[in-house]
Every structure is written in C-alpha cells, then in structure tokens.
Amino acid sequence: MTPPSTPPEWAQTIEAVAERGGLVLILGAVDTGKTTFARELANCAVAAGIPTGVVDADIGQSEIGPPTCVSVGLVTEPVTRLSDIKPVASGFVGSVTPQHVPLEHLAQTCQMVSIARERGAKFIICDTTGLAAMSWSHRLKRCKLDALRPDQVVALARRQGVSALARVLRSVARPIVHHVPVPDTITVKTPALRAQRRAARFAEAFANAVVREWPFEEVVIENSWLGCGAPLGKRALDQLGAALDVQVEYAEQIGNRLGIVARTLPPYETAQAVASRLYGAQAVLSIPSTSLERLVVGLYDRERTMVGIGLVVGLDAERRILKVTSSAPAMDSVRIIRLGAACWAADGRIIPVYRNGDV
C-alpha cells in the first residue's frame with residue numbers, strides 16, 4: 001500500500017512497480033519529481049517487506065552519499081527524505097554533471113546496482129540525472145538502458161517533455177515502461193536554489209576536514225599523468241620555462257611525451273616544438289595549475305573501495321607531494337587518488353575544469 005504522502009497521480013503506478021520488483025530506472029527531466037518518486041516507491045516497498053536498495057545516480061543533486069558520486073543505500077524503514085538513507089558504498093564520478101564524464105558515471109551506476117544485488121536487495125530503485133535536451137544526455141540514457149537492462153522504467157514527464165522521453169525510449173523493448181505524469185505539487189527549482197543545495201552538500205562533506213600530504217611514490221594518481229614519468233629537475237624546469245616564456249611549476253617525461261604544469265599555458269604548437277627540440281617528445285600534456293586548486297578527488301584503498309572524497313589544496317612540485325583535504329575517516333588506507341573534473345570554489349560555486357591529457 002502506498003504511503004499517505006504519495007501524490008494520487010502516482011499511487012497506482014507505485015504499487016504496480018513495487019509489486020513487480022526487480023531493477024527500476026527512473027527517468028525524467030530536471031524537476032519532474034524523480035527523487036520524490038524514488039522515496040515514495042522505496043517506502044511502499046519497505047512497507048510490503050521487500051528488501052530494497054536505492055542507487056542515487058543524480059550527481060547534480062545527490063541525496064545519498066557524498067556529492068560528485070553515485071551511491072547506494074539499503075532501506076529498512078520508511079524515510080522522510082532520501083538523504084535519510086545511509087550509503088553502504090559510493091563510487092567517484094568527479095563532477096556534478098555527467099556531460100564530460102559519461103563513462104565514469106555509467107560505470108559507477110552499474111557498480112552500485114551490482115553492490116545492491118550483492119547486499120541482498122530484491123528490489124532496486126535507480127534515480128538518475130535529469131534528461132537534458134542535448135544529444136549527449138540522450139546517448140547516456142540509452143547506454144544506461146543497454147548496460148543496466150532494467151526490468152522496469154518509470155518515465156516522468158510534464159506535457160512538454162513527453163516527446164524527449166519518447167525519443168529515448170522508442171527502441172526499448174525489454175523493460176516495462178510506465179509513463180507517469182508530474183503532479184502540480186512538484187515545483188521547479190531555480191538555478192540559484194539548486195546551486196545553493198549543492199554548495200550545502202559540499203560543505204557538509206568537508207566539515208572538519210584535515211589536510212594530508214601524499215608523496216607521488218605512495219599513491220597512484222588516476223585520471224592524470226602525474227607520477228607516471230621521470231620528473232625534471234630545477235635546472236631543466238628553468239630551461240624549459242625560459243624556452244616557453246612561462247613559469248613551469250612541474251614537468252615529467254613520460255616515454256615520448258612531456259607533461260607540464262604551469263600557471264599560464266603556452267600555445268600547444270609552441271610547447272610541442274620546444275618539447276621536441278629539448279627532449280624529443282612527440283606530444284605535450286599540459287595542466288594549468290589553477291585547475292588543480294580545490295579540485296575534487298576520490299580517495300580509494302588498495303582494494304579499489306572508495307573511502308571518501310577530498311579537495312586538492314596544493315602541489316609541492318619539488319617534493320612531489322599532493323596535498324589533499326578530506327573528512328574521510330580512513331585516510332591512512334588511501335592508495336589511489338582519482339582526480340575529478342570539477343573544483344569547489346571558495347565562494348561555494350562548482351566549477352567544471354578541463355585538463356589536457358587527464359581525461
């Protein structure tokens with residue numbers, strides 16, 4: 001039986017979806033009530049005694065687990081908000097939008113669904129990011145349908161959004177698709193309010209954070225060439241900087257490639273010519289040092305289990321040390337630092353970054 005808080009437009013569908021069970025994927029544009037539907041569906045399943053897991057793949061407005069991550073929690077009692085559900089596992093994506101990290105987002109969503117099954121969930125609810133009116137968003141949703149192979153799909157749409165969902169679902173044959181209207185009680189949030197909620201989640205994630213230093217030799221830095229090659233000494237850095245007419249803060253030679261970290265990056269053609277002349281390098285990988293400032297990172301142990309997220313607060317080039325602040329309780333177990341694709345600015349904004357050669 002559906003909870004009293006369930007909108008009447010949803011009650012029949014929620015009961016039918018919970019009774020059928022399996023994996024249900026919730027699709028819809030931004031502010032169509034996906035999270036609210038997931039909560040009501042979870043409460044209905046729990047009331048029926050069904051072992052239920054919720055995968056929160058909405059990295060733009062995450063409720064379960066840390067921001068920029070896909071997380072999974074098990075529901076054992078009714079919840080008022082999805083954020084009441086404690087995560088049993090999280091996977092780092094590194095952004096608040098999957099646009100530039102679709103592979104990471106898809107991989108972590110699949111992994112969290114798998115963990116829910118391993119933990120005994122017979123009914124799994126997957127809440128997703130909002131469907132945007134862009135080709136990358138449609139491709140990602142279709143790939144998610146192919147990879148997850150859900151038993152059911154809930155398609156939430158206001159009248160003007162029906163055609164967009166229809167395009168994504170027109171070739172779907174296997175799962176049962178429930179087309180569900182959006183009640184008038186579901187309001188549209190302003191961009192400012194959404195940004196405010198994201199900033200609050202970040203602030204919560206980094207409450208009581210402490211700074212830890214990790215030498216390159218002690219960790220694997222993923223999504224980056226940092227720590228993969230032979231570092232250039234001070235004289236070589238000065239020579240390279242003079243030739244490029246920029247201050248090179250750090251550089252490595254990785255086989256036939258040269259990696260450079262500098263505050264201001266030279267034109268690629270110039271960097272390529274200098275790197276070829278000085279080191280015989282066939283390619284240049286450049287990172288603006290500003291993109292490392294407060295960069296969100298995922299922290300993993302040697303078993304590749306995520307232990308928390310962090311922020312890069314410094315790169316000590318001379319000592320080859322990455323400084324990261326984090327509230328993770330198991331920082332001593334960190335062996336992998338996975339660089340993300342967004343920075344949490346001091347003013348609370350989430351700023352996308354792009355680093356040549358990293359992703």
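Looking at G308, L103, N208, which one has the Cα that reaches farthest to the positive end of the dipole of the chain (charges on Cβ: Lys, Arg +1; Asp, Glu -1)?
Result: L103.
Near K234, which aspartates and glutamates are there with a Cα under 14 Å away, not counting those fewer than 8 places off in the same chain?
List returned: E249, E252, D316, E318.
Of K144/K189; K122/K144; K86/K141; K34/K86; K86/K122; K86/K189, which sit over 22 Å apart, Cα to Cα?
Going by Cα-Cα distance, K144/K189; K86/K141; K86/K189 fall outside the 22 Å limit.
With a 1.4 Å probe and all protein chains left in place, how much of the accessible area of the stretch 4-111 comes from carbon and sulfur atoms, in whole percent?
Solvent-exposed carbon and sulfur of the stretch 4-111 make up 53 percent of the total.
Report the charge-dipole magnitude of the chain in Debye, nearest 20, computed about the Cα centre from +1 at each Lys and Arg Cβ and -1 at each Asp and Glu Cβ.
680
Compute and list, largest first, the equivalent-ellipsoid semi-axes of the chain from the alpha carbon gyration tensor, each √(5λ) rounded to a whole angstrom.
Value: 43, 21, 17 Å, ordered largest first.
Whole angstrom only: what separates the Cα centroid of the stretch 25-83 from the Cα centroid of the stretch 93-116?
Between the Cα centres of the stretch 25-83 and the stretch 93-116 lies a distance of 16 Å.
If I take every Cα pair under 8 Å that is 6 or more residues apart in the chain, average their sequence separation and divide by the length, what percent do I get for the relative contact order?
About 16 percent, as a whole number.
How large is the dipole of the stretch 1-84 about the Cα centre if only Lys and Arg carry +1 and Asp and Glu carry -1, each at its Cβ, rounded to the nearest 20 debye?
Taking the Cα centre of the stretch 1-84 as origin, the dipole is about 100 debye.
Going toward the positive end of the dipole of the chain, with +1 on Lys and Arg Cβ and -1 on Asp and Glu Cβ, which of L322, V70, A89 do you reach last?
So the residue we want is V70.
Compare G348, G65, G91 in a GNM of the chain, Cα atoms joined below 10 Å, and give the one with the largest fluctuation.
Highest fluctuation among the options: G348.
Quick check: residue separation of D316 and A147 times 0.36 nm, minus the Cα distance between them. What number comes out in nm?
This chain segment gains 56.8 nm when fully extended.
Average projected area of the Cα convex hull of the stretch 106-151, in nm²?
Directional mean of the projected Cα hull area for the stretch 106-151 stands at 3.3 nm².
So if I take the centroid of the Cα atoms in the stretch 276-351 and the same for the stretch 121-154, what is the distance between those two points in Å?
Each part's Cα centre sits 29 Å from the other's.
Tell me, what % of the accessible area of the stretch 245-359 is carbon and sulfur with a 1.4 angstrom probe?
Accessible surface attributable to carbon and sulfur in the stretch 245-359 totals 48 percent.
Among V296, P8, H179, whose Cα sits farthest toward the positive end of the charge dipole of the chain (+1 at Cβ of Lys/Arg, -1 at Cβ of Asp/Glu, about the Cα centre)?
Result: H179.
How big is the charge dipole of the stretch 259-347 about its Cα centre, in debye rounded to the nearest 20, if each Lys and Arg gets +1 on its Cβ and each Asp and Glu gets -1 on its Cβ?
For the stretch 259-347, the charge dipole is close to 180 debye.
Roughly how many nanometres apart are two label points built 7 Å out from the Cα toward the Cβ at A283 and R335?
Those two pseudo-labels are separated by 2.8 nm.
Can you give the convex hull volume of the alpha carbon atoms of the stretch 1-72 per residue, in Å³?
Once divided by residue count, the hull of the stretch 1-72 is 92 Å³.
How much accessible area per residue does the chain have, counting only protein heavy atoms and a probe of 1.4 Å, in square angstrom?
For the chain, the per-residue accessible area is 46 Å².
Taking every alpha carbon pair in the stretch 276-359, what does the distance histogram look like in 10 angstrom bins from 0, in percent?
16, 42, 31, 10, 2
Which residue, N223, N43, N208, has the most motion in a Gaussian network model of the chain that connects Cα atoms within less than 10 Å?
Maximum fluctuation in the GNM of the chain, among the listed residues, is at N208.
Just to confirm a number: summing +1 for Lys and Arg and -1 for Asp and Glu over residues other than I115 whose beta-carbon lies under 15 angstrom from that of I115, what do you get?
In short, +2.
Pick out which of C69, C110, C143 has the largest mean-square fluctuation in a Gaussian network model of the chain, springs linking Cα atoms closer than 10 Å.
C143
The values are calculated or read from the model by the stated rules, or taken from the named source; none is laboratory data. Computed from a predicted model, the values in this text were never measured in an experiment. Ideal geometry is used to build each Cβ from the backbone, glycine not excepted, and the neighbour counts take in all protein chains shown. Heavy atoms of the whole protein, side chains included, go into the accessibility calculation; ligands, DNA and RNA do not. Shrake-Rupley method; radii C 1.70, N 1.55, O 1.52, S 1.80 Å.
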